[in-house]
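S.K.: What follows is a single structure, and I will ask about it in a moment.
The values are calculated or read from the model by the stated rules, or taken from the named source; none is laboratory data. Computed from a prediction, not measured in an experiment: that's the story for all the values here. Counting neighbours? That spans all protein chains shown, and the Cβs are built from the backbone with ideal geometry, glycine included. With ligands, DNA and RNA removed, areas are computed over all heavy atoms of the protein, side chains included. Shrake-Rupley method; radii C 1.70, N 1.55, O 1.52, S 1.80 Å.
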Amino acid sequence: MAVISEKSVSQKEEVVDKKAVKMWFYYSFIWLILGMTAGGLTSIKFNFPDFLGYVPWLSFGRMRIFHLGGVAFGWFSTAAIGMAYYIVPKLTGTKIVWPKLSYFLLYLWIATSTIGQICLLAGYNQGVEVGEWPLFIDILTVIVFGLATVQVFVTIANRKQKHIYVSLWYITAGLTWACLNYVVGNLINPYFYAGVDNASIHGFYLHCVVGLWITPMGTAMLYYFLPVITKNPVYSHKLSMLGFWGLALFYPIIGAHHYLYSPIETWVQTISIMSSMMLILPVWSVITNQVGTMKGKWHMMSSHIEVKFLVLGAVFYVITCFQGPTQALRSMQLIIHFTDWVVGHAHLAIYGVFTLWTWAGMYYVWPKLTGREIYSQKLASWHFWLSLLGFSIMALALWAAGLVQGGMLNLASNVPFIDTVKAISPFWMMRSIGGWLMIAGAAVFVYNMYMTAKVGKHIEEVA
Amino acid sequence: MITTSFKGAMLGAGFGLYIASFIVGYAYPAMTAKNDVPKVKDIHGNIVEVRPYTELEKRGREIYIKEACWICHSQFVRSAGMDEKRYGPVSQAGEFAYDYPATFGTRRIGPDLAREGGKRTDGWQYGHLANPQAMTQGSIMPKYVWYFEKDSNGEPDITKPTEDGKALIAYLQRLGTSIGDFRNPEGNKKASSVSVASAPKFTPEMVNSGKAIYEANCAGCHGINGNGAGPAAAALNPPPRNFIKADYKYGSSDVDLFKTITNGVKGTAMPAWDSLTESQRWEVIAYIRTFEKK
Ligand code: HEM
Ligand code: HEM
């Protein structure tokens, strides 16, 4: 059964615990705003280093890791788990088992992530990029992820639908990988491996966070919401499974591409580059499926805000996945590694693709959770255009800055470092402007969601 | 119930491929490559032992991690491109054998620090840590003023770093030094044995290039117009020299100045400038001289 629609999967009785999903989403909104604002404040420091500079808690290094923790864990991970609590019951036709656990995990996660973030500002970080939270927070994080994983697995075991739709594959695998990977990257690696081995395994961890947690959870959303919203069957279930296995096969081995030309064994670096090339496969399977599924429904882009976000995210996904393999090549690495180019790539993927897809899902789900229509389509439209405009400015500025600085530093050895900093400082200014437009967009979004829940028009019950 | 094939497949995806990749690509090389043996080839080609961190350096490394310096500074010299020319000999695995976790970094908002040890004097490092913009005009590095005692005006006193501040600089001064002093491979103390008989004749071109060198390196202490009152000067005792008054302590001929600039002044914040080439040092003197006439 490749056709999924809310009708075919949902049923007479309500299976989604709406309140739980809503609460997870509310918590993700908080970090969406805090995390992005921290990014915006950090970006101002590139042009005005004294801005908020005399307070240790707000100094550059600490704010920068606070930004990452805020958006990657506070925002995306929270939203993704919330989505799982919506999508899994819909696709299995059963309620999530142990309903109280969804709330308990939320409270535990609120405490964990909030304390973790405060620790970063206070100067307690364990020195692992994208795993900065200190050890005791990591243990709590593993508990939250672990219990959520078990809960989802048992729910699927109790399922009423025999067929396991591709989104379920992605969600179960994503959760499992996230647990394993979090243990490897945060509990084992920093304490048992030194130096070069540590860096190598850190690369592995880092790319598994983006490739085996953020990507599968985001892709699960795309595969669920696209058919449900367009009411078209998924173009090819086989293709979607091919993409899944491609991801599982090629992603974990590419970590060393974060440390090319380092003392890590050359063959490990080479495999990581080859594997990066192969990632084109799973990406194309997702994109082909999206285009196929959209067939005959492109006109929905003008009327449905969620379709707009899905399509724009897909466009960015195509760019990400051309950029990724290209920048993994040694000749490209020479220039763009260590520069703003990579920062552009990171935002393109996590913001441009997965944050946008999450928003698409939320625009669709929120009315179902609250029983009210989206408060203002006009604000939703503002959200879309602010995000698109802001991000375009940011991305172009970062890529230009990366090429300029990378060129200056690596094509000649006699250019003083500080001259390269001065040369790209106008681009940093542009990035800030773009970034603050993005933040404005996100603020509009959160306001719109809040008002929807408060005063949106009631939807007439449809059976 | 979960079908057997589903269960098997899930195990394959979730555990198998992840763990297989980890073992093949990461854990196996980590076991076999002997990256964690603290030995390096030094600048003369001998295999030498890397000494563990001292307590002070260890503390400094903790501060380095705590302030997330690693977000802005990478710590390995790549085996390609201009890295070697720019920063020094390519990094070797043994140099990192004591690093839990590694601070390789993935970003260079500031320069690589893998070979920072010995590049600058402690005095420069303290001045820079407290006020990077004073030392490198246009720098965007934060001012780490909380690693210094406050003077009577509430400004950080760069001659009085806190214990943590000292530890941090001790750590920086140790970075990349286990291969020996590549900046001075013969070990002849060129710094203390400056032997120049006479100064070149100063030309307007020299003054011109001297201006840029001065503004990038000296203005932070000596002031942009040479009055000895640069942004970092307030906290310095003795204060930086005022080049307008030009009452020099250690001899006022060009050759005397050359010696002072090359060696620095021990016990004061005045760094040794052997990092500048000889001709750059002459150029900066040519420029300093222009202050006097005003
Ligand atoms: C949900 C939205 C966002 C996500 C998911 C996100 C994600 C990230 C990630 C993954 C990094 C690390 C990049 C790397 O190490 O290569 C990063 C860094 C950064 N982000 Fe964001 N970001 C978001 C929004 C913003 C916004 C709105 C701004 C405002 C300008 C911003 C400014 C920055 C800055 C300044 C850095 C540090 C870059 C550097 O190291 O040079 N981010 N962000
Ligand atoms: C076709 C797939 C992709 C390939 C081949 C690829 C390749 C790469 C490479 C080579 C780098 C390292 C660049 C450098 O440091 O010089 C990188 C960095 C990064 N990628 Fe990707 N990428 C892909 C897709 C993605 C996706 C889907 C995401 C997000 C979910 C993502 C997130 C990131 C982030 C956050 C970084 C910055 C890491 C850091 O230094 O902090 N990438 N990618």
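S.K.: Report, as an integer, the average count of C-beta atoms from other chains found within 10 Å of each Cβ along A:173-182.
M.R.: Rounded to a whole number, the mean comes out at 3.
S.K.: A further question on this structure: Answer rounded, prolate or oblate for region B:115-264, using the Cα gyration tensor with square roots of eigenvalues a ≥ b ≥ c: rounded when a/c is under 1.5, else prolate when a/b is larger than b/c, else oblate.
M.R.: In terms of gyration-tensor shape, oblate.
S.K.: Here's another thing I want to ask about it. Starting from the Cα of B:Lys85, step 7 Å along the direction of its Cβ; do the same at B:Val196; then give the gap between the two resulting points in nm.
M.R.: About 2.5 nm separates the two model spin labels.
S.K.: Calculate the FRET efficiency for A:Met332 and B:Glu49 from the Cβ-Cβ distance with a Förster distance of 25 Å, rounded to the nearest 0.05.
M.R.: FRET efficiency, A:Met332 to B:Glu49: 0.10.
S.K.: Given H placed on each backbone N at 1.01 Å, which residues far from B:Glu149 in sequence or on other chains put an amide H within less than 5 Å of it?
M.R.: Answer set, sorted by chain and number: B:Asp157, B:Lys160, B:Thr162.
S.K.: Moving on. What nm value, rounded to one decimal, do you get for the distance between A:Ser236 and B:Asp247 when each label is placed 7 Å out toward the C-beta?
M.R.: Using points 7 Å along Cα→Cβ, the separation is 8.7 nm.
S.K.: If you don't mind, another one. Quick check for you: which residues of region A:94-114 have the amide N under 19 Å from the point 7 Å beyond the Cα of A:Phe136 toward its beta carbon?
M.R.: Under cut-off, by backbone N: A:107-114.
S.K.: Right, something else. Towards the positive end of the charge dipole of the protein assembly as shown, with charges on Cβ (+1 Lys, Arg; -1 Asp, Glu), say which of A:Leu187, A:Cys208, A:Tyr165 has the farthest Cα.
M.R.: With unit charges placed on the Cβ atoms, the residue in question is A:Tyr165.
S.K.: If you don't mind, there's one more thing I want to ask. Across the residues of A:238-246, average count of Cβ atoms on other protein chains within 10 Å?
M.R.: Mean partner-chain Cβ count within 10 Å for A:238-246: 1.
S.K.: Return the average number of partner chain Cβ atoms within 10 angstrom of each residue Cβ along peptide A:254-261.
M.R.: Across A:254-261, the average partner-chain Cβ count within 10 Å equals 4.
S.K.: Another one. With the contact rule set at Cα under 8 Å and sequence spacing of 6 or more, what percent relative contact order holds for region B:204-291?
M.R.: 33 percent
S.K.: Something else now. Does anyone have the angle between helix A:166-182 and the longest principal axis of chain A? Alpha-carbon axes, 0 to 90°, nearest 10?
M.R.: 40 degrees
S.K.: Taking the alpha-carbon centroid of each part, what is the distance from region B:128-147 to region B:71-114 in angstrom?
M.R.: 21 Å
S.K.: Something else about it: Listed highest first by mean packing, meaning other Cβ atoms within 10 Å per residue, what order do A:156-162, A:319-325, B:100-106, A:40-46 come in?
M.R.: Result, highest mean Cβ count within 10 Å first: B:100-106, A:40-46, A:319-325, A:156-162.
S.K.: Moving to a separate point now. Can you put B:Arg281, A:Arg372 in order of accessible area, largest first, using a 1.4 Å probe?
M.R.: Accessible-area ranking of B:Arg281, A:Arg372, largest first: A:Arg372, B:Arg281.
S.K.: Here's a follow-up. Between A:Asp419 and A:Phe51, what length in nm is gained on full extension when 0.36 nm per residue of separation is reduced by their alpha carbon distance?
M.R.: This chain segment gains 130.3 nm when fully extended.
S.K.: In percent, how large is the relative contact order of chain A, given Cα pairs closer than 8 Å and 6 or more residues apart?
M.R.: RCO, chain A: 15 percent.
S.K.: Using modelled backbone amide H atoms (1.01 Å from N, in-plane), which distant-in-sequence or interchain residues come within less than 5 Å of A:Arg372's amide H?
M.R.: A:Ile459
S.K.: Using a Förster distance of 30 Å, how high is the FRET efficiency between B:Leu276 and B:Glu155, based on the Cβ-Cβ distance and rounded to 0.05?
M.R.: According to the calculation, E is roughly 0.60.
S.K.: At a Förster distance of 41 Å, what's the computed FRET efficiency of A:Ile319 paired with A:Ile188, Cβ-Cβ distance as r, to 0.05?
M.R.: In this case the efficiency is close to 0.75.
S.K.: Given a 1.4 Å probe, how much area per residue of the protein assembly as shown is accessible, in Å²?
M.R.: Normalised by residue count, the accessible surface of the protein assembly as shown is 39 Å².
S.K.: What's the buried accessible area, both sides, between A and B using a 1.4 Å probe, rounded to 100 Å²?
M.R.: What A and B bury together is about 6700 Å².
S.K.: Still on this structure, please answer the following. State, to one decimal in nm, how far the label point of A:Lys368 lies from the label point of B:Val265, with both points 7 Å from Cα in the Cβ direction.
M.R.: In this crude spin-label approximation the distance works out to 7.6 nm.
S.K.: List the lysines whose Cα sits under 25 Å from the Cα of B:Lys249, skipping any in the same chain fewer than 8 residues away.
M.R.: B:Lys160, B:Lys189, B:Lys190, B:Lys201, B:Lys211, B:Lys259, B:Lys266, B:Lys293, B:Lys294
S.K.: Relative to the Cα centre, what is the charge dipole magnitude of region A:13-458, using +1 at the beta carbon of each Lys and Arg, -1 at the beta carbon of each Asp and Glu, and rounding to the nearest 20 debye?
M.R.: 1520 debye
S.K.: Under 5 Å between amide H atoms, partner at least 5 residues away or on a different chain: which partners does B:Arg107 have, H built in plane at 1.01 Å?
M.R.: B:Ser74
S.K.: Averaging sequence separations of C-alpha pairs under 8 Å and six or more residues apart, then dividing by the length of chain B, give the relative contact order as a whole percent.
M.R.: Relative contact order of chain B: 17 percent.
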